[in-house]
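The structure appears below as structure tokens.
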Amino acid sequence: MKANIIAVIFVTLLTVLAGSCVRRDVSVYEDNRLPLLRVSGEFVLTEEDDTFYIQGVNLGCWLNPEGYMFAMPSDGSGSGQFCNSPRLLNELVSQLVGPDESAVFWETFKDRYVTEDDIRFIASTGANTIRLPFHYALLTDDDYMGCNTREGFARMDSAVAWCERYGLYVVLDMHDCPGGQTGDNIDDSYAYPYLFTSGRMQTLFCSLWREIAEHYESENTVLGYELMNEPIATYFEREQDSLNALLEPLYSRCIDSIRSVDKRHIIVLGGAQWNGTFSVFTGEIKDDNLLYACHRYGHTPDEEGIKDFLQFRDSFHVAMCMTETGHRPHEWLRKEAQTLRRNHIGLLWWPYKKLGGSCWMHVGIPEGWDVVRQFAAADRRTFAGIRANRPDIALSRQVLNAFLDSILVENCHPDTAYINAFAELYQ
């Protein structure tokens, strides 16, 4: 009882900090099961055939860390950061404090980065959905951040339970697929989308989604399964057409695997090239419960900026959701939200939380963090370089522990204007 009282006081304080962004009472939904959602034509509908408009945020970085969310320094290329993938971040922390302490660091990170208090706060803003990016290795014996504990279902189950408690839906997003589906840091790959050239990886990909679908088949809180994030990046121009041609057949095969155990849930499909190219879809996939996921950053926040998405939707009479956008000034965000709402395209901002700004919940830069950033940018190509540039291990441990304290939601700062960019539409 004492813990519950403390939690209520904490959320009340957060909502005061967030000011006018709070739109909804955060009453518990434990005895009121969320209705299963489905797609009909261009709309997502409830069981009562009411239109459901997807609005919410991404829990990026929690189960698929990205370097820029740790404020890692730029590598100078303009397209990435030092230590910008999960594998490279784990390598950095292991070099700083060793493999045993690195494993403890990542377990604590997962315990603290997203908690029930975070979900309660998201629900208080008027959001109705979260997108949960995850790394496939969490569901296998493959190495994940120095661990192979197969803890993926336990982590996702916690998120689903919290979301059900506060009336939020969950989109499960395999952000990092076996072999890599993107060919960049965001899929933790080896700079090529090997998923599309490896039969073994494709078999694992389909079997994992079958296992996920079987696990969540009876769970209405799960809005749908987003099979892969941003397949086939723009860096493979000579092979782009041939790689793109492999996407729809793999989607079709994976859908067959899912439908063998789960015929209820929505399946979410992203286009190629950063979820931006939808000409890859030819009609091969025969399923009437599909939602198409588009992403776009840096465009004009009006119909002109998403005209290709609107043309695809209207031509094929399908439902769409912008499952990622953001990282822009607040007025841009507001106009983007209005445009998407006006065209009944769902909206999930990226991301919820990270170091620095341009998100819903700002993580403060911990004292001494430059020690980590400087080592990340140092010459670590050889063992001699690591030894020469590594800071004192005790100091590194102290700084990493300060970071783990900083990511707790009670130590973060909600960005009222960012949240209001969509919340003002739902008063």
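The values are calculated or read from the model by the stated rules, or taken from the named source; none is laboratory data. Computed from a predicted model, the values in this text were never measured in an experiment. Here Cβ is always computed from backbone atoms with ideal geometry, including for glycine, and neighbour counts include all displayed protein chains.
Quick one: how many residues across region 96-114 are of a type outside the set (F, W, Y), in a helix (DSSP H, G or I) and either in contact with a His (Cβ under 8 Å, 6 or more places away or on another chain) or within 25 Å of Y136 (Cβ to Cβ) (or both)?
Of the residues in that region, 10 qualify.
Name, by its number, the condition in (1) within 22 Å of T108 (Cα to Cα); (2) under 20 Å from the mean Cα position of the chain (by Cα); (3) without any contact (Cβ under 8 Å) to a residue 40 or more places away in the chain that does not hold for T149.
(2)
Of the residues that make up region 267-274, is at least one among the small types (G, A, S) and touching a strand residue (DSSP E or B) at 6+ places or on another chain (Cβ under 8 Å)?
Checked against the condition, which is being among the small types (G, A, S) and touching a strand residue (DSSP E or B) at 6+ places or on another chain (Cβ under 8 Å), region 267-274 yields at least one hit.
Out of the residues in region 378-422 meeting the condition of being among the charged types (D, E, K, R) and in a helix (DSSP H, G or I), tell me which one is surrounded by the most Cβ atoms within 10 Å (Cβ to Cβ).
R397
I need every pair where a residue in region 320-331 that is touching a residue at least 60 places away in the same chain (Cβ under 8 Å) and under 9 Å from Y418 (Cα atoms) has its Cβ under 7 Å from the Cβ of a residue that is assigned to a helix (DSSP H, G or I) and among the small types (G, A, S), sequence separation at least 6 or different chains.
Note: pairs meeting the criteria are H330/A417; H330/A421.
Which ones in region 354-390 are touching a helix residue (DSSP H, G or I) at 6+ places or on another chain (Cβ under 7 Å), in contact (Cβ under 8 Å) with a residue 60 or more places away in the chain and under 14 Å from F403 (Cβ atoms)?
Across region 354-390, the qualifying residues are K354, L355, W369, V372, F375, A376.
Quickly run through region 183-193 and pick out the residues that are surrounded by fewer than 19 Cβ atoms within 10 Å (Cβ to Cβ) and either more than 21 Å from the chain's Cα centre (by Cα) or aliphatic (A, V, I, L, M) (or both).
Scanning region 183-193 gives a single hit, A191.
Restricting to helices (runs of 4 or more DSSP H) lying wholly in region 259-370: which have 2 or more residues that are under 24 Å from P249 (Cα atoms)?
Here the list reads 272-275, 307-316.
Suppose the filter is in contact (Cβ under 8 Å) with a residue 24 or more places away in the chain, closer than 25 Å to L37 by Cβ and surrounded by fewer than 17 Cβ atoms within 10 Å (Cβ to Cβ); does E214 pass it?
yes
Which pairs have Cβ atoms under 6 Å, sit 6 or more apart or on different chains, and link a residue in region 58-71 that is at pLDDT 95 or above to one that is of a type in the set (D, E)?
As it stands, the answer is N64/D176, since those pairs meet every condition given.
Exactly one condition in (1) surrounded by 17 or more Cβ atoms within 10 Å (Cβ to Cβ); (2) in contact (Cβ under 8 Å) with a residue 60 or more places away in the chain; (3) out of contact with any Phe, Trp or Tyr (no Cβ under 9 Å at 6 or more places or on another chain) is false for H317; which is it?
Only one criterion is unmet by H317, namely (1).
Taking E91 and the conditions (1) part of a loop (DSSP other than H, G, I, E, B); (2) surrounded by fewer than 19 Cβ atoms within 10 Å (Cβ to Cβ); (3) of a type outside the set (A, V, I, L, M); (4) at pLDDT 95 or above, which numbered condition does it fall short on, given that it satisfies the others?
Unmet condition: (1).
Can you list residue pairs whose Cβ atoms sit under 9 Å apart, with the first residue in region 392-413 being touching a residue at least 40 places away in the same chain (Cβ under 8 Å) and at positive phi and the second being buried (at least 16 other Cβ atoms within 10 Å of the Cβ) and of a type in the set (A, V, I, L, M)? Count only pairs 6 or more apart in sequence or on different chains.
none
Given the conditions (1) under 23 Å from the mean Cα position of the chain (by Cα); (2) part of a helix (DSSP H, G or I); (3) among the charged types (D, E, K, R), which single one is not true for E239?
The number of the failed condition is (1).
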